[in-house]
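What follows is a short report on a single structure.
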Amino acid sequence: MSIVEHWISGASASGTSTRTAPVYNPAKGEVAREVRLATSGDVDAAVQAAKAAFPAWSGASWAKRQQVLFAFREILNARKEEVAAILTNEHGKVTSDALGEIARGLEVVEFATGIPHLAKGEYSENVSTGVDVYSIHQALGVVGIISPFNFPAMVPLWFFPIALAVGNTVVLKPSEKDPSASLWMAAALKEAGLPDGVFNVVHGDKESVDALLGHPDVASISFVGSTPIAKYIYETASKNGKRVQALGGAKNHMLVLPDADLDLVADSAVNAGFGSAGERCMAISVVVAVEPVADELIAKIQDRMTGLRVGDGLRGCDMGPLITKEHRDKVASYIDIATTDGATVVVDGRGIEVDGEANGFWLGPTLIDKVPTDSKVYTEEIFGPVLSIVRVASYKEGLDLINASKYGNGTAIFTNDGGAARRFQNEVQVGMVGINVPIPVPVGYFSFGGWKDSLFGDTKAYGPDAIHFFTRQKAITSRWLDPSHGGINLGFPQN
Ligand code: NAD
């Protein structure tokens, strides 16, 4: 069985570990390959490679770094089908969705190619007589990126193009569940002209993550994953003196006002609830229906669900499998919890017909009505194709429900009332808001991130926040000697 290896100093590296983990093809339900799990020594080797590469890369001209990123953009764009096939193979998402993931990642690469303009400092002439002040943005050093299974290409792409563009060197620790896309990108960066050691990949589990969090030569950590791990990463890396951004889990609500276009709502709920089998941090998992629309809306959602084809992502299906058997079983267990807690299971996704092999990690789209808000179905992040309906009597009741959630990643309101939408965008305690848009992932030149337990740290991913996160600002006060100005003065200059 083949083994997915690390990538250190521009080449494949086995490291010192004998530990491996299985990588599945979730549509077949079988182990496709193994992945190496790094020791702390392997992580150190990657960090040392990145550290050694830092002086030359951070000292290279902006133009040189832009050339590499432009070339990488061209390679990724021209060969995106190759990457999509890797994503479908290891994650299970259908081909069209895999291509969508790459398109969103490409946006960040394109944004990074314009970095020189965005990372410019400021200059003030003559702040005091003959004295000028200006600021420059400098790279941090070696930056660590730890990514989740659900976007094996896009989430690393949220961070490393900008980290590299401003002169950092990178150690990426991707999810061990679908590690191969990161290696494709590492090889493509090399082909694009990136010097060896500037971008490194180590595969692993908690041991490798802890090694990165505690390494004295790692300047920052960018993490994306579940909330408990995000909190742990934030606390540990902060305690170790690192700059940290740790994006966590989500429970995204869609508030439907009675005046909304219910056909648009039903389309959006199905797309955002079941796309990528619900394994998206911006998936809609709760539809909050302001009565009297619930019955009519549920009928429309159910009608659309009957047409969905679940199966192997390579066969043109609408929805693929879940990532592992354990995760599928956990997601399915919420259907029993719903029944026990008094909810109504409208569509049960267990045991559906699939266009794929029998052992795949399948669970069909599931719709649950009248979910009690103290049920785990409502309070926990399910991260699968399970859409809940909660019925409320008013806008205010719906808003209060959303604001009481411990998560604050994404939300959406569906209405034809501009005033209500405007009020919602102001009053809702969530980081990314859609108005008649179900998955409001900001485009690459804005920044991505939630509030509350969906983001630990104060800077978001990509966009302008990323330039701030991946650089340190230095302010310089300069005076070039003028014989008419000088002399002893122990106070601050005043003119
Ligand atoms: P996860 O938290 O299990 O894993 C994320 C990363 O942390 C992986 O690289 C994993 O190897 C590592 N990890 C796992 N357990 C660890 C431990 N005990 N100590 C140290 N490191 C550990 O998340 P996942 O299951 O891969 O991804 C799904 C989660 O990610 C969901 O909760 C989802 O909402 C979240 N997510 C959030 C965003 C966002 O932008 N907020 C985006 C994508 C995914």
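The values are calculated or read from the model by the stated rules, or taken from the named source; none is laboratory data. Here the structure is a predicted model, which is why all the values come from computation and not from measurement. Note that each Cβ is placed from the backbone with ideal geometry, even for glycine, and that neighbours are counted across all protein chains shown. Surface accessibility is based on the protein's heavy atoms, side chains included, excluding ligands, DNA and RNA. Shrake-Rupley method; radii C 1.70, N 1.55, O 1.52, S 1.80 Å.
(1) more than 12 Å from the ligand (Cβ to nearest atom); (2) of a type outside the set (Ser, Thr, Tyr); (3) open to solvent by 10 Å² or more (accessible area, probe 1.4 Å): which one isn't true of Asp205, the others all being true?
(1)
Looking at (1) among the charged types (D, E, K, R); (2) touching a residue at least 40 places away in the same chain (Cβ under 8 Å); (3) surrounded by fewer than 15 Cβ atoms within 10 Å (Cβ to Cβ), which is the only condition Arg350 fails?
(2)
Out of everything in segment 138-168 that is of a type in the set (Val, Ile, Thr) and in contact with a Phe, Trp or Tyr (Cβ under 7 Å, 6 or more places away or on another chain), what residue ends up being nearest to the ligand (Cβ to nearest atom)?
First, pick out the residues of segment 138-168 that are of a type in the set (Val, Ile, Thr): 142-143, 145-146, 155, 162, 166.
Narrowing the set further to residues that are in contact with a Phe, Trp or Tyr (Cβ under 7 Å, 6 or more places away or on another chain) leaves 142-143, 145-146, 162, 166.
Numbers: Val142: 18, Val143: 15, Ile145: 10, Ile146: 5, Ile162: 16, Val166: 21 Å.
Once the filter is applied, the top-ranked residue is Ile146.
Yes/no matrix, rows are residues, columns are (1) of a type in the set (A, V, I, L, M); (2) open to solvent by 20 Å² or more (accessible area, probe 1.4 Å); (3) within 15 Å of the ligand (Cβ to nearest atom); (4) under 22 Å from Ala466 (Cα atoms):
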site	(1), (2), (3), (4)
Ala187	yes, yes, no, no
Lys190	no, yes, no, no
Gly193	no, yes, no, no
Phe223	no, no, yes, yes
Lys231	no, yes, yes, yes
Asn240	no, yes, yes, yes
Arg243	no, yes, no, yes
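Condition test on Asn495, is it loosely packed, with under 13 Cβ neighbours inside 10 Å and either within 16 Å of the ligand (Cβ to nearest atom) or not assigned by TED's automatic domain parsing to the domain that holds Leu164 (or both)? It would help to see each step written out before you state the result.
On the way: loosely packed, with under 13 Cβ neighbours inside 10 Å: yes; either within 16 Å of the ligand (Cβ to nearest atom) or not assigned by TED's automatic domain parsing to the domain that holds Leu164 (or both): yes.
Yes.
When residues of segment 334-363 are filtered for being part of a loop (DSSP other than H, G, I, E, B) and among the hydrophobic types (A, V, I, L, M, F, W, C), how many remain? If you could, list the steps in order and put the result at the bottom.
Of the residues in segment 334-363, the ones part of a loop (DSSP other than H, G, I, E, B) are 341-343, 348-354, 356-363.
Next, from what is left, pick out any that are among the hydrophobic types (A, V, I, L, M, F, W, C): 343, 352, 354, 358, 361-363.
The number of residues fulfilling the criteria is 7.
On the basis of being open to solvent by 70 Å² or more (accessible area, probe 1.4 Å) and either touching a residue at least 12 places away in the same chain (Cβ under 8 Å) or of a type in the set (Val, Ile, Thr) (or both), does Lys325 make the cut? Explain how you work it out, then say what you get.
Numbers: open to solvent by 70 Å² or more (accessible area, probe 1.4 Å): yes; either touching a residue at least 12 places away in the same chain (Cβ under 8 Å) or of a type in the set (Val, Ile, Thr) (or both): yes.
It is true that Lys325 is open to solvent by 70 Å² or more (accessible area, probe 1.4 Å) and either touching a residue at least 12 places away in the same chain (Cβ under 8 Å) or of a type in the set (Val, Ile, Thr) (or both).
Inside segment 403-495, counting only strands (runs of 3 or more DSSP E) that do not spill past its ends, which hold 1 or more residues that are under 30 Å from Ala272 (Cβ atoms)? Before you say what the answer is, go through the steps one by one.
Values: elements: 410-414, 432-435, 471-479.
Answer list for segment 403-495: 410-414, 432-435.
Would you pick out the residues in segment 266-319 that are in a loop (DSSP other than H, G, I, E, B) and within 27 Å of the chain's Cα centre (by Cα)?
First, pick out the residues of segment 266-319 that are in a loop (DSSP other than H, G, I, E, B): 279-283, 291-293, 307-309, 312, 316-318.
Residues satisfying the conditions are Glu279, Arg280, Cys281, Met282, Ala283, Leu308, Arg309, Asp312, Gly316, Cys317, Asp318.
Yes or no: segment 333-350 includes at least one residue that is touching a Phe, Trp or Tyr at 6+ places or on another chain (Cβ under 8 Å) and β-branched (Val, Ile, Thr). Lay out the reasoning, then the answer.
Going residue by residue through segment 333-350, those that are touching a Phe, Trp or Tyr at 6+ places or on another chain (Cβ under 8 Å) are none.
No, that holds for no residue.
Are there any helices (runs of 4 or more DSSP H) wholly within segment 15-121 with 1 or more residues that are at pLDDT 95 or above and within 19 Å of the chain's Cα centre (by Cα), and if so which? Outline the logic, then answer.
Numbers: elements: 40-59, 62-78, 80-90, 95-112, 115-118.
Filter on segment 15-121 gives 62-78, 80-90, 95-112.
So how many residues does segment 429-458 have that are open to solvent by 10 Å² or more (accessible area, probe 1.4 Å) and either more than 13 Å from the ligand (Cβ to nearest atom) or touching a His at 6+ places or on another chain (Cβ under 7 Å) (or both)?
Going through segment 429-458 one residue at a time, the tally reaches 10.
How many of the residues making up segment 148-165 are crowded, with 24+ Cβ neighbours inside 10 Å and under 17 Å from Ala112 (Cβ atoms)?
So the answer is 12.
For the list (1) surrounded by fewer than 17 Cβ atoms within 10 Å (Cβ to Cβ); (2) without any contact (Cβ under 8 Å) to a residue 60 or more places away in the chain, I need the number of the one condition that Asp261 fails.
Only one criterion is unmet by Asp261, namely (2).
So which residues in segment 284-311 are within 14 Å of the ligand (Cβ to nearest atom) and open to solvent by 10 Å² or more (accessible area, probe 1.4 Å)?
Once the filter is applied, which keeps residues that are within 14 Å of the ligand (Cβ to nearest atom) and open to solvent by 10 Å² or more (accessible area, probe 1.4 Å), segment 284-311 yields only Ser285.
Go over the candidates Val347, Val371, Val392 one by one and state the one that is under 25 Å from Lys93 (Cα atoms), touching a strand residue (DSSP E or B) at 6+ places or on another chain (Cβ under 8 Å) and not acidic (Asp, Glu).
Numbers: Val371 fails: under 25 Å from Lys93 (Cα atoms); Val392 fails: under 25 Å from Lys93 (Cα atoms).
From the options Val347, Val371, Val392, the qualifying one is Val347.
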